[in-house]
Amino acid sequence: MNVLVIGDEHTYGYGLSEGNLSYIGHFIRNISRAGQAVSVEAYAHLTMAQTIATLAQLPLNRYDLIILQLDHTLIQTATAQVAHSSGLPMPVLPASATFSRKLAARKISDQLKTLGNSLLSLVLPSRTTSSISVLLNQLRPYRHNVLLLTPFSHLEPIKNWLRKRSRAVLIQEADKRLVSVFDTDSVIRPSEEYFLPNDQEHLNAVSHELLGRSLFDFYQSAPTIVTIQAFRRE
């Protein structure tokens, strides 16, 4: 079984201590225990524009399962995503304190721009195509092997609100195209016990395990056809 995973740092278990698996690790382990050999190809830290470009270059027909963990930028227009993207992410090496401060300031600035673009996409009418629409149209020929994850909860109120709105858009657009969606809100809630200590964004080991097991159960319920989930309404 060949699996393609595209998501953020949760895919490799950011912040977890040694020996703890990410939610993808738990998912794959459960598949292996069920007696199926698994090969995983994973990409992390891609913008929506980079995700679309990466998928265009990959032989998608060779994957038995394509898992996409999306975030709030899915509601931005495709034009805004391309303008904001500056190529593939590069690793950040140790540097001087001055450079580190500049890098941190630039990161905050980029986050504010992303947040602003996402908010504008929600409140202003637009005739341009959203990134999620472009992505789902691209995946249409492989939709029976695609599994989308709704944006993870966040402890910061504004970001969590934005992710809820993005979740609603994702569910609506996926439903139009009959693509399977796993609602992470059914497992993870915006409460401190789900997150790493002093971290508003990253899940702890227990949450990763809960998410991985639930994702496996969801996939097992209908691994080759579109699965309709009973979504929790806000």
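All of the numbers you see were taken from the coordinates with simple rules; none came from a lab. Computed from a prediction, not measured in an experiment: that's the story for all the values here. Cβ atoms come from the backbone with ideal geometry, glycine included; neighbour counts cover every protein chain shown.
Peptides 63-69, 214-220, ordered by how many other C-beta atoms sit within 10 Å of their residues on average, highest first, read 63-69, 214-220.
The value given for region 128-174 is a Kirkwood hydrodynamic radius of 11.8 Å, derived from the mean inverse Cα-Cα separation.
Close amide H contacts of LEU65 (hydrogens built in the peptide plane, cut-off under 5 Å, sequence separation of 5 or more or a different chain): ASN2, LEU4. With a Förster radius of 30 Å applied to the C-beta separation of SER32 and GLN200, the computed FRET efficiency comes to 0.35. Couplings for region 202-210, taken from phi via the Karplus curve 6.51 cos²θ - 1.76 cosθ + 1.60 with θ = phi - 60°, read 9, 6, 8, 4, 5, 5, 4, 5, 4 Hz in order; Gly and Pro are left as x.
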